[in-house]
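Right, one structure below, let's go through it.
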Amino acid sequence: MRRLRAAGHEALFAGGCVRDLLLEREPADYDIATSAPASVVQQLFPRTVPVGLQFGVVVVLEEGEPFQVATFRRDGVYLDHRRPTEVHFSDARHDAERRDFTINGMFLDPESDEVLDFVGGRADLAAGIVRAIGDPYARFDEDSLRLLRAVRFAARFDYAIAPETVDAIHKLAPTITGIAWERIGDEIVKILTEGRARRGFELLAESGLLVEVLPEVAALRGVAQSPDHHPEGDVFTHTLLCLEKLDPARHGESLSLAALLHDVAKPGCAVLQPDGRRTFHGHCERGAVMADEIVSRLRRSRETAEQVAWLVEHHLRHLDAPQMRLAKLKRFLAAPLIDELLELTRIDALSGSGDLATYEFCRAQRAELLHAEPLPEPLLRGRDLIALGHRPGKQFREILDGAFDAQLEGEFTTAEAARAWVRERHPLAPFGTAG
């Protein structure tokens, strides 16, 4: 900033970093707004990345750290609900007026410590209000992602959303799916992982956004559960209680998504039994498929989708742990995601009946295993099954798991004996016959 000013240009901290500094929080990054054109910024600094020259945006790399430097501007018409068709380089006041929310529209001179507030951001920060700058309909029409960002900021800071801003969100909620799902997915994950996830999803539901971006989660509302296991109420209430227990310092993206989606298949699996109980047989398996589809729709990584699906599929498996044979229990508790799974089961139980008995059992057994010898490498692999004539599929995994259990229980100790075990236990159907 000193270098920009020495060259005769205005330079100010802008946006979220100013908000965070006023809240006495450590900013995640520092954005700089300046009167200098992007071409001048590139000339003044040896290492720059031109991320949006047509909008006057350059990333400057200083000591390995990226700083976004943007020229003051006014925006023209938005046709794609994301970017203006043209920009007019301007001054700080006009630059503030084209930003999203008042609490994000302030500037700070770090040398004089003066805050430049043209939009009423300090008053809204003090009152705890998320308010669109100017006409909320215009701000949301410019970039529909701001609909989700309003919810995220309100949840993260535990603020209210200004009435006129809420009205605009309600009316414009159906437009949210007109933007890239990757951007939607980023906001959903931030709502889940930045703190106060329950509040975030309550606001998503109240605003009409939830039914647009996650209709499967919105469908959980009103799905009754048996009070003996779920005295808290319907599936949506239970899910909100799970989200309330998410800790940004401990729970990552996959676990947070699994907490949101672990019961997503219950509406389609609900059966009212003659004795009045409500059962949801198969919701773990069906939920895993749905979770994979949802996480993929949100454009998260394939690894994340697979992890979330596995956690959803196995989130009740701990209930069988006390009755498992030792080998099967060892394999279960040695699963790569077992720590995340046990944490999900803890959150799930505390949000329902409160019974942590099987969770505590698994945790104790897991602690013992950590001090025991590590599990051996499987003597039977997928390539062995293919060589024996088996085709990949559901039974393929069942055979491999069963063989590993048998190995752990000492039924065989060599790869040759493992293959013989398969030929005996899982013979192939004769050629030309069914199966």
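What follows is calculated from the coordinates using simple rules that are stated; it is not laboratory data. Treat the numbers as computed from the prediction; the structure is a model and nothing was measured. Cβ: placed from backbone, ideal geometry, glycine included. Neighbour counts: every protein chain shown.
Tell me the angle of helix 145-157 to the major Cα principal axis of the chain, expressed in degrees between 0 and 90 and rounded to the nearest ten.
So the helix axis and the longest Cα principal axis differ by about 80 degrees.
Any idea what Rg and Dmax come out to for the stretch 360-402 if you just take the C-alpha atoms, in Å?
15.0, 42
Could you point to the label whose value was computed as Cα Rg over 2.2 N^0.38 Å for the structure here, given (i) 0.98; (ii) 1.12; (iii) 1.24?
Checking each listed value against the structure points to (iii).
Would you work out if the stretch 128-209 is rounded, prolate or oblate? Take a ≥ b ≥ c from the square roots of the eigenvalues of the alpha-carbon gyration tensor; rounded if a/c is under 1.5, else prolate when a/b is larger than b/c, oblate otherwise.
Oblate shape, in that a/c is at least 1.5 and b/c is the bigger or equal ratio.
Suppose a student asked you for the relative contact order of the chain, using Cα pairs under 8 Å spaced at least 6 residues apart; what percent would you report?
8 percent
List the residues whose amide H sits under 5 Å from the amide H of Gly15, counting only those 5 or more places along or on another chain, with H placed 1.01 Å from N in the peptide plane.
Those qualifying (amide H under 5 Å, at least 5 residues apart or on another chain) are Met106.
Glu416 to Arg25: extension gain in nm, 0.36 nm per residue of separation minus the Cα-Cα distance?
Values: separation 391, 0.36 × 391 = 140.76 nm, distance 6.19 nm.
So the extension gain works out to 134.6 nm.
Compute the Cα gyration tensor for the stretch 215-370, then decide on rounded, prolate or oblate, letting a ≥ b ≥ c be the square roots of its eigenvalues: rounded whenever a/c is under 1.5, prolate when a/b is larger than b/c in the other cases, and oblate in all that remain.
Oblate, since a/c reaches 1.5 and b/c is not below a/b.
As a test of the formula, what do you get for the chain when each DSSP H run with n ≥ 4 contributes -39,500 (n - 2.57) and the sum is divided by the residue count, at 222 nm and rounded to the nearest 500 deg cm²/dmol?
Rounded to the nearest 500, it is -14000 deg cm²/dmol.
Note the full-extension length gain between Glu63 and Phe89 as 0.36 nm times their separation in residues minus their Cα-Cα distance, in nm to one decimal.
Length gained between Glu63 and Phe89: 6.5 nm.
Evaluate the charge dipole of the chain about its Cα centre and quote only its size in Debye, nearest 20, assuming +1 on the Cβ of each Lys and Arg and -1 on the Cβ of each Asp and Glu.
Its charge dipole is roughly 960 debye.
For the stretch 12-159, rounded, prolate or oblate, judged on the Cα gyration tensor with a ≥ b ≥ c (square roots of eigenvalues), a/c < 1.5 rounded, else prolate if a/b > b/c?
oblate
Calculate the radius of gyration of the Cα atoms of the stretch 382-425 to one decimal place, then report Dmax, the largest Cα-Cα distance, as a whole number, both in Å.
Calculated on Cα positions, Rg and Dmax stand at 9.8, 26 Å.
Straight-line reach from Lys328: which lysines have a Cα under 22 Å away, not including same-chain ones fewer than 8 places off?
Within reach: Lys394.
Over the stretch 215-370, what is the relative contact order in percent, taking alpha-carbon pairs closer than 8 angstrom and at least six residues apart?
Across the stretch 215-370, relative contact order equals 23 percent.
Can you list the lysines whose alpha carbon is less than 26 Å from that of Lys190, not counting same-chain residues fewer than 8 positions off?
Qualifying lysines at Cα under 26 Å: Lys171, Lys245, Lys266.
Mind checking the angle between helix 283-297 and the chain's longest principal axis? C-alpha axes, 0 to 90 degrees, to the nearest 10.
Helix 283-297 and the main axis of the chain meet at about 30 degrees.
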